[in-house]
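Only one structure is covered here, and it is reproduced in the block below.
Coordinate-derived values only; no laboratory data. As the structure is a computational prediction, the values presented were derived from the model and not from experiment. FYI the Cβ positions are ideal-geometry reconstructions off the backbone, even for glycines, and counts take in every protein chain you see.
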Amino acid sequence: MRISLICTVRDEADNIATLLDSILAQTRLPDEIVVNDCGSRDATAMIVREYASREPRIRLVQGGHNISSGRNSAISHARGDLIACTDAGLRLDPGWLAAIIAPLEGNRADLVAGFFTPDPQSLFELTLGAVNYRNVEEIDPATFLPFGKSMAFRRELWATVGGFPEWASHCEDLIFARAAERAGYRRTFAPTAIVHFRPRESLRAFARQYFLYARGDGVAGLWTTRHIIRYATYKGLLILLWALWRWPSLRPLGMLLLALGAGGYTYKPYRRLWPRLRGRRPTERLIALLLVPIIRVVGDAAKMIGYPVGIGRRI
């Protein structure tokens, strides 16, 4: 079966070459590489054309208004029966394509979730990667849904579910995967199909990212129970703090509860972070450790603001 590797881009002139170089360095090359330009205003299209002039597998197409429609445009121009999907701003492991396509070729699945790991360039990005992104051994293959940056599927599946949802500006990959699940298609996890990405470079950029993710959840009606639990947890925290202020005699017990809660809240991020701090100066280690609860709280706040905004949009 022919393999088409697709991605959609917009204003990615500063990183598209990294992605294309990593694609061309694959141990197994696709039959074609379809890059859909979604109206770039920088030199992205020119860079892709330069690569295409040297590598006949690469084709530049245009169309779409968001990432979903851009992916659909790329797939509609592709000729392969098997579609591998990734995004700009990433670097693929050399064995990524071989690993993510193998379950499809072996008829063990119709949709494959690859993995992704942080590729930090600063202490903040290293800490953010440890806080927000699980190690591969923490993944439950039975429940892990594929993300657009690292997935593969049969063209038949894409056509059956109606493609990626073009009404969704975020969470489109999860909506696509859940639609495939409802249609009865088989899904599997390929832990060695790894892409590397750079986490957000600042707390502000991270907060905006999580606001948009949660807004997308609200629009699509995703993870309602998870969001309700988050609101309930913070409401419980506020009630506890008020009780400790109102009744000083409760403070010893209350402080113990707060310590236990904080430990549970940060245990996994600290467990991931500490090995990554080897070789760092003591001051850098201290800064990273102090950043962990800040990142957690900022991310939760961004989600709690973004989710009702998404619900409002849906209504």
Inset, instruction - Determine which lysines satisfy two conditions relative to Lys235: a Cα distance under 16 Å, and not lying fewer than 8 residues away in the same chain. - result: Lys303
Legend entry - As computed over segment 1-82, the Cα convex hull volume per residue (Å³): 79
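Among Thr143, Thr27, Thr127, what is the fewest-to-most ranking by other Cβ atoms within 10 Å?
On the way: Thr143 7, Thr27 11, Thr127 27.
So the ranking, lowest neighbour count to highest, is Thr143, Thr27, Thr127.
Rounded to whole Å and sorted largest first, what semi-axes of the equivalent ellipsoid does the C-alpha gyration tensor of segment 203-314 yield via the square root of 5 times each eigenvalue?
Values: eigenvalues 147, 116, 24 Å².
They are 27, 24, 11 Å, listed largest first.
For segment 57-183, go through all pairs of different Cα atoms, get the mean of 1/r, take its inverse, and jot down that Kirkwood value in Å.
Answer for segment 57-183: a Kirkwood hydrodynamic radius of 15.8 Å.
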Legend entry - Cleavage-rule hits, trypsin sites (Lys or Arg not before Pro), segment 228-288, DSSP coil, Cβ neighbours within 10 Å at most 10: Arg278
Legend entry - Candidate values (1) 118; (2) 142; (3) 153, label of the one derived for volume of the Cα convex hull per residue in Å³: (3)
Inset, instruction - Give the distance, in whole Å, between the Cα centre of segment 43-111 and the Cα centre of segment 289-315. - result: 31
Legend entry - Helix runs (DSSP H) in the chain reaching 24 Å along axis by Cα, Kyte-Doolittle at least 0.5: 282-314
